[in-house]
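After the structure tokens below, expect a handful of questions from me.
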Amino acid sequence: MHLIMASLRWFSWILIAHLFVSSFVHSDSSSHSNNPQEIPKRFLQFAKESELFDWMVGIRRKIHENPELGFEEFETSKLIRTELDKLGISYKYPVASTGVIGFVGSGQPPFVAIRADMDALPMQELVEWEHKSKVPGKMHACGHDAHVAMVLGAAKILQKHSEELKGTVVLVFQPAEEGGGGAMKIIEAGVLDNVNAIFGLHIVHNIPLGKVAGRSGPMLAGSGFFEAVISGKGGHAAIPQHSIDPILAASNVIVSLQHLVSREADPLDSQVVTVAKFQGGGAFNVIPDSVTIGGTFRAFLKDSMVQLKQRIKEVITGQAIVHRCNATVDFLENDKPIFPPTVNDIELHEHFQNVAGDMLGIDKVKEMQPVMGSEDFSFYQEMIPGYFFFLGMENETSGHLDSVHSPYFRINEDALPYGAALHASLATRYLLELQTKVNSPEEKRHDEL
């Protein structure tokens with residue numbers, strides 16, 4: 001009997017020790033999996049799994065085959081809604097004509113947004129491959145098909161890990177980025193009124209796969225367009241004294257416009273004025289009645305954009321008068337609204353560096369110089385804190401990649417998991433970190449968007 005009791009005591013101690021060790025191991029494993037620093041790596045691993053990767057590739061190729069221009073993205077929008085329905089993700093539609101706004105998480109504050117643009121470009125694709133554009137004269141030459149696939153990929157990751165979301169992630173599928181100002185229409189619809197922050201990315205050909213680039217402060221320039229008609233009096237080229245030559249006037253206008261940057265702008269304030277359109281005349285020996293010129297102007301400061309716009313009009317009309325001509329200037333703002341500069345929030349830059357560094361390694365997160373290109377993501381940043389960054393896809397084994405807006409532009413689809421995981425990680429970590437901050441009593445809150 002004594003031997004039996006002793007054996008039972010030993011068995012009890014062994015059982016208690018086993019339960020203690022198991023509990024410790026489980027607790028350690030659980031805390032490890034819930035470590036916020038582990039989220040980006042877990043999400044990237046999930047995004048690289050063949051099921052999710054192949055799904056994103058398939059979506060991207062469907063969109064690429066059927067490109068649609070700004071505010072005409074009806075089939076693209078339909079595809080997005082179909083996939084959101086399959087994932088069980090609620091959304092609002094239509095927003096800004098063809099836009100879709102999805103919601104993942106609690107449906108309650110705080111809200112953080114991730115954005116994808118949907119529109120294609122009016123150009124003929126010259127890349128010969130199985131999924132080439134089926135629409136003559138239209139092409140996804142700026143990677144927006146990949147952007148949509150990555151945000152949908154992020155939606156799938158977020159839905160799978162929705163229990164980790166301490167708030168709501170807003171999925172912004174935006175129309176008409178290519179000059180149409182679709183972001184402005186999204187804002188006017190009021191669907192982002194209570195969003196705390198927004199993230200966006202653009203895929204690029206000259207940054208290696210697995211690397212990203214961003215910066216705080218001004219990143220992309222503001223941009224605007226102008227078109228001017230300079231009218232004179234046509235006549236025979238052999239007797240110019242009986243004409244008023246608009247070609248001569250337009251030529252002097254173009255030279256004078258260059259002085260706006262070289263002689264009126266602060267050398268430390270980067271600006272560009274480019275005349276890229278000149279149309280006038282159709283014969284070698286006839287002075288035309290009028291000439292049309294057009295171009296773009298860009299700067300990193302909003303005040304500089306205002307100044308350039310004013311001076312462009314003054315120079316064109318003034319030089320036309322000097323040469324006895326008349327001029328009308330149109331800044332085309334109804335069809336091509338002036339984009340403000342893209343200015344990244346300083347705190348969100350630190351957040352981006354931390355999240356991307358945890359996913360890729362801090363050596364893969366590059367600090368970039370400002371670029372004179374423009375993005376209508378800047379409209380969001382005028383309303384709420386925003387962060388925009390570049391995602392690399394260059395891979396020596398896949399050959400040379402042309403830049404965006406080229407008829408030979410190609411996507412390295414291996415970049416899709418990185419974009420999806422970064423979107424999902426930036427949003428998830430942002431909500432987690434925001435939860436730790438104390439909201440002031442006066443802060444305006446809403447229960448829903």
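The values are calculated or read from the model by the stated rules, or taken from the named source; none is laboratory data. Remember, it's a predicted structure, so these values are computed and weren't measured experimentally. In this analysis, Cβ positions are derived from the backbone assuming ideal geometry, glycine residues included, and neighbour counts consider all displayed protein chains. Each accessible area value is taken on the protein alone, full model and side chains, heavy atoms only, with ligands, DNA and RNA left out. Shrake-Rupley method; radii C 1.70, N 1.55, O 1.52, S 1.80 Å.
Pairs please, first residue from segment 320-340 and at pLDDT 95 or above, second anywhere and in a loop (DSSP other than H, G, I, E, B) and open to solvent by 20 Å² or more (accessible area, probe 1.4 Å), Cβ atoms under 6 Å, 6+ apart in sequence or on different chains.
Sorted first by the residue in segment 320-340, then by its partner, the pairs are CYS325/GLY232; PHE339/SER374; PRO340/GLU382.
Could you grab me the full set of residues in segment 120-130 that are closer than 23 Å to MET150 by Cβ, out of contact with any helix residue (DSSP H, G or I) (no Cβ under 8 Å at 6 or more places or on another chain) and in a loop (DSSP other than H, G, I, E, B)?
Hits for segment 120-130 are MET123, GLU125, VAL127, TRP129, GLU130.
Turning to a different aspect of this structure: Of all residues in segment 215-249 being polar (S, T, N, Q) and over 23 Å from SER374 (Cβ atoms), which is most open to solvent (accessible area, probe 1.4 Å)?
Ranking the candidates gives GLN241 first.
Another question about this same structure. When residues of segment 192-226 are filtered for being in contact with a Leu (Cβ under 6 Å, 6 or more places away or on another chain) and more than 29 Å from LEU44 (Cβ to Cβ), how many remain?
Summing the residues that are in contact with a Leu (Cβ under 6 Å, 6 or more places away or on another chain) and more than 29 Å from LEU44 (Cβ to Cβ) in segment 192-226 gives 2.
So, one more: Here is a list of conditions, (1) open to solvent by less than 40 Å² (accessible area, probe 1.4 Å); (2) part of a helix (DSSP H, G or I); (3) out of contact with any Gly (no Cβ under 9 Å at 6 or more places or on another chain), and THR397 meets all of them except one; can you say which number that is?
Result: THR397 fails condition (1) only.
Each row is one residue, and each column tells you yes or no for (1) out of contact with any helix residue (DSSP H, G or I) (no Cβ under 8 Å at 6 or more places or on another chain); (2) more than 20 Å from LEU165 (Cα to Cα); (3) open to solvent by less than 10 Å² (accessible area, probe 1.4 Å); (4) touching a residue at least 12 places away in the same chain (Cβ under 8 Å).
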position: ILE80; (1), (2), (3), (4): no, yes, yes, yes
position: LEU84; (1), (2), (3), (4): no, no, yes, yes
position: GLY88; (1), (2), (3), (4): no, no, no, yes
position: GLY99; (1), (2), (3), (4): no, yes, yes, yes
position: SER106; (1), (2), (3), (4): yes, no, no, yes
position: PRO109; (1), (2), (3), (4): yes, no, no, yes
position: MET118; (1), (2), (3), (4): no, yes, yes, yes
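Okay, next question. Does GLU38 satisfy the criteria of being over 30 Å from ASN354 (Cα atoms) and open to solvent by less than 70 Å² (accessible area, probe 1.4 Å)?
Details: over 30 Å from ASN354 (Cα atoms): no; open to solvent by less than 70 Å² (accessible area, probe 1.4 Å): yes.
In short, no.
Select from segment 358-379 the residues that are open to solvent by 30 Å² or more (accessible area, probe 1.4 Å) and free of Cβ contacts under 8 Å to residues at least 24 places away in the same chain and write down the one among them that is farthest from HIS423 (Cα to Cα).
Looking at the filtered set, the residue picked out is ASP363.
Here's something else I'd like to know. Would you pick out the residues in segment 250-281 that are of a type in the set (A, V, I, L, M) and either in contact (Cβ under 8 Å) with a residue 60 or more places away in the chain or open to solvent by less than 80 Å² (accessible area, probe 1.4 Å) (or both)? Step through it out loud before you land on a result.
Within segment 250-281, the first condition is being of a type in the set (A, V, I, L, M), and the residues that meet it are 250, 253-255, 257, 260-261, 265, 268, 272-273, 275-276.
Answer for segment 250-281, where residues must be of a type in the set (A, V, I, L, M) and either in contact (Cβ under 8 Å) with a residue 60 or more places away in the chain or open to solvent by less than 80 Å² (accessible area, probe 1.4 Å) (or both): ALA250, VAL253, ILE254, LEU257, LEU260, VAL261, ALA265, VAL272, VAL273, VAL275.
Quick grid of which residues meet (1) touching a Phe, Trp or Tyr at 6+ places or on another chain (Cβ under 6 Å); (2) open to solvent by 10 Å² or more (accessible area, probe 1.4 Å); (3) within 24 Å of ALA120 (Cβ to Cβ); (4) assigned to a strand (DSSP E or B):
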{"site": "GLN159", "(1), (2), (3), (4)": "no, yes, no, no"}
{"site": "GLU163", "(1), (2), (3), (4)": "no, yes, no, no"}
{"site": "LYS166", "(1), (2), (3), (4)": "no, yes, no, no"}
{"site": "LEU171", "(1), (2), (3), (4)": "no, no, yes, yes"}
{"site": "ILE186", "(1), (2), (3), (4)": "no, no, yes, no"}
{"site": "GLY190", "(1), (2), (3), (4)": "no, yes, no, no"}
{"site": "HIS202", "(1), (2), (3), (4)": "yes, yes, yes, yes"}
{"site": "HIS205", "(1), (2), (3), (4)": "no, yes, yes, yes"}
{"site": "ALA213", "(1), (2), (3), (4)": "yes, no, no, yes"}
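Going by the structure shown, is LEU84 touching a Gly at 6+ places or on another chain (Cβ under 6 Å), modelled with pLDDT of 95 or more and part of a helix (DSSP H, G or I)?
Judged against the criteria, LEU84 is a match.
Same structure again: Out of curiosity, is ILE59 open to solvent by less than 80 Å² (accessible area, probe 1.4 Å), at pLDDT 95 or above and closer than 23 Å to GLY179 by Cα?
No.
When residues of segment 317-363 are filtered for being of a type in the set (Val, Ile, Thr) and closer than 30 Å to LEU69 by Cβ, how many remain?
Residues flagged as of a type in the set (Val, Ile, Thr) and closer than 30 Å to LEU69 by Cβ within segment 317-363 amount to 5.
So ILE384 passes all but one of these: (1) surrounded by fewer than 17 Cβ atoms within 10 Å (Cβ to Cβ); (2) touching a residue at least 60 places away in the same chain (Cβ under 8 Å); (3) over 27 Å from LEU44 (Cα atoms). Which condition number does it fail?
It fails just one condition, (1).
Looking at segment 299-337, which of its residues are open to solvent by less than 90 Å² (accessible area, probe 1.4 Å), part of a helix (DSSP H, G or I) and of a type in the set (Asp, Glu)?
Hit for segment 299-337 is GLU314, nothing else.
I've got another one for you. Does TYR430 satisfy being hydroxyl-bearing (Ser, Thr, Tyr), in contact with a His (Cβ under 9 Å, 6 or more places away or on another chain), in a helix (DSSP H, G or I) and open to solvent by 20 Å² or more (accessible area, probe 1.4 Å)?
Spelling it out, TYR430 is indeed hydroxyl-bearing (Ser, Thr, Tyr), in contact with a His (Cβ under 9 Å, 6 or more places away or on another chain), in a helix (DSSP H, G or I) and open to solvent by 20 Å² or more (accessible area, probe 1.4 Å).
Return the residue satisfying two criteria in turn: it lies in segment 131-157 and is outside any loop (DSSP other than H, G, I, E, B) and among the β-branched types (Val, Ile, Thr), and of such residues it is farthest from GLY224 (Cα to Cα).
Going through segment 131-157, the residues outside any loop (DSSP other than H, G, I, E, B) turn out to be 139, 144-157.
Cutting the leftovers down to among the β-branched types (Val, Ile, Thr) gives us 148, 151, 157.
Working: VAL148: 26, VAL151: 28, ILE157: 37 Å.
It comes out as ILE157.
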